[in-house]
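Here's the structure, in structure tokens; my notes come after.
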Amino acid sequence: MTKRYTQHASHRQYASLLACVLSCVLALCIAAAPAFADVRNSDRIAGSSIEERGLTTALCPNIEANHALLIDDTGKVYFERGAHDPVKIASITKVMTALVALDYDPSLKMTVTVTPEAAAIGESSAMLIEGDKLDMKNAVTAMMVASGNDAADAIAASVGGAMLKEEGHPGASAEKSVERFVQAMNDKASEMGLEDSIFANPHGLDDGEYAGDFHCTAYDVAAMVQLAMQNDTFRKVVGSETATVKITRDGETVTEELTSTDELLSMYEGTVGVKTGYTDEAGGCFAGANDHDGREYYAIILDSTDEWQRFLDTQDLWNWCYQYLSQYRLANAPESIEATIGENTGSYPLMARVAHLDWMDRSVAATIADPDQAIDVFALEGNISQEAVFNELHGSVHMGDVVGTLTFKQRNNDVATVDLIAAEDLGSPDIFTGIAIWWQRLWGNDTVAENEVLNTTPLLIDKTQTVSPGN
């Protein structure tokens, strides 16, 4: 046992050196990433294909992954490519493993024992040895930070065994215990409404003895990740560049120093997780979360060309999205008017003129209460338009009265509605003027001033653009 531990320590030192070298290589790759990788007419931006939107290549993200999704924490979808296609997701599977484990043991105190099968599983490893014991928090850390297949299988065997014991089947084999845990993974997927997700093991290996018809989609991965990130323990673990795991080994406490497989934690500002994955069949996979201006954006990359490209694809999606996020000022009127609105006196944008129906040629100047009001928009979703609804004005109108509404739309979706507010007083016609107007209308002259919108809606994007704003 001592000899084997020494070998693992040697491997660990080599792995740390290799990780450092590869991090440098990745940094150079990201800096030198080509401007164009792959844009497909079927790629969808904000719900429509780029072909339907008539967008030029320069306005679209260029990634090599065959399946991808970019979504924010409100559920808004910015980009998708084959995001509903069922495919292998490699070690991203461990997100579901963590969800089931943390649901079962929220106290994080359950003892996880490394079985012979877990210790021998191979591939990505947290350097665990048969007989090692960890509490749940350390086991999840070993699984998520180092992407330890050994930790994933050990968690499944321990939790699955505990489930079987509760169900009246104590002493179940490791194999049966893992099977029970996988059943819980699929039950969780059903509970979450993930109709295109089937799990066959807790780690995501998909060849040899682990080959099978199991799969997930980019949309389902996004749902798993968003739910998992609501768990404080999970969030802290996947957001750690390094971690120290405590293990009880041969009656003594030993520690393993682990480095995250998520290179973007240290290389892309705002990255807060979450999970890498790679197999020959799944390709390069990554589910990444990034905090940008107080909102989280989840990039799901499946079946990219290699382990490095998955990170390049992710940062390309984030960069592309962020350059088209902006605040759109609602008031863009070419004229202004002095007014007192509420307790504020000053210069206000002249947004519209609203006809006063008691007059033949008079209208009321209208503004909005907050001249600086702005909304968050994604430019590629479409340019902004506006529609006005004008009140029928009779009698005396006073400064501050609501005289209509102005609704702003983006691709026919309402994005903001503001009241049009009178920026001046206008009384009713006096008795003599009123009689004169009545007489003219009696003889068929129904003339009134025209309602008029003076505010403009500047373009967000020029669809003919051939060079992206970032270039």
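With respect to the chain, whose longest principal axis is taken over its alpha-carbon atoms, helix 218-228 is tilted by about 80°. Of the accessible area of the range 359-471, computed with a 1.4 Å probe over protein heavy atoms only, carbon and sulfur atoms account for 50 percent. Free of any chymotrypsin sites (Phe, Trp or Tyr not before Pro) that DSSP assigns to a loop and that have at most 13 other C-beta atoms within 10 Å, the longest stretch within the chain is 37-442. Taking Cα atoms only, the orientation of helix 174-191 departs from the longest principal axis of the chain by about 10 degrees.
Net charge dipole, the range 42-192: roughly 180 debye, given to the nearest 20, about the Cα centre with Cβ charges of +1 for Lys and Arg and -1 for Asp and Glu. Taking the centroid of alpha carbons for each part, the range 97-123 and the range 330-354 are 63 Å apart. Residues in the chain average 46 Å² of solvent-accessible surface per residue, probe 1.4 Å, ligands and nucleic acids excluded.
Please go through the residue pairs LYS176/LYS236; LYS188/LYS246; LYS137/LYS176; LYS109/LYS176 and name each one whose alpha carbons sit more than 26 Å apart in this structure.
Details: LYS176/LYS236 31 Å; LYS188/LYS246 29 Å; LYS137/LYS176 23 Å; LYS109/LYS176 23 Å.
Over 26 Å apart, Cα to Cα: LYS176/LYS236; LYS188/LYS246.
Placing +1 on the Cβ of every Lys and Arg and -1 on the Cβ of every Asp and Glu, with no other charges, gives the range 370-444 a dipole of roughly 400 debye about its Cα centre. A dipole drawn for the chain from +1 and -1 charges on Cβ atoms has a positive end, and of LEU357, ASN383, LEU258 the residue lying farthest that way is LEU258. Surface composition of the range 232-336: carbon and sulfur make up 38 percent of the accessible area, probe 1.4 Å.
Sorting ILE341, ILE431 by solvent-accessible area of protein heavy atoms yields ILE431, ILE341, largest first, with a 1.4 Å probe. Calculated from the structure, percent of Cα pairs over 39 Å apart equals which of [x] 25; [y] 41; [z] 18? After the calculation, the listed value that fits is [y].
Counting only alpha carbon atoms, the long axis of helix 431-442 and the longest principal axis of the chain meet at about 80°. Each Lys and Arg contributes +1 and each Asp and Glu -1, all at the Cβ; summed about the Cα centre of the chain, the dipole is approximately 840 debye.
The values are calculated or read from the model by the stated rules, or taken from the named source; none is laboratory data. This one's a predicted model, so the numbers in the text were calculated from it and none came from an experiment. Please note: Cβ atoms are built from the backbone with ideal geometry, for glycine as well, and neighbour counts cover all protein chains shown. These area figures cover heavy atoms from the full protein model, side chains too; ligands, DNA and RNA do not enter into them. Shrake-Rupley method; radii C 1.70, N 1.55, O 1.52, S 1.80 Å.
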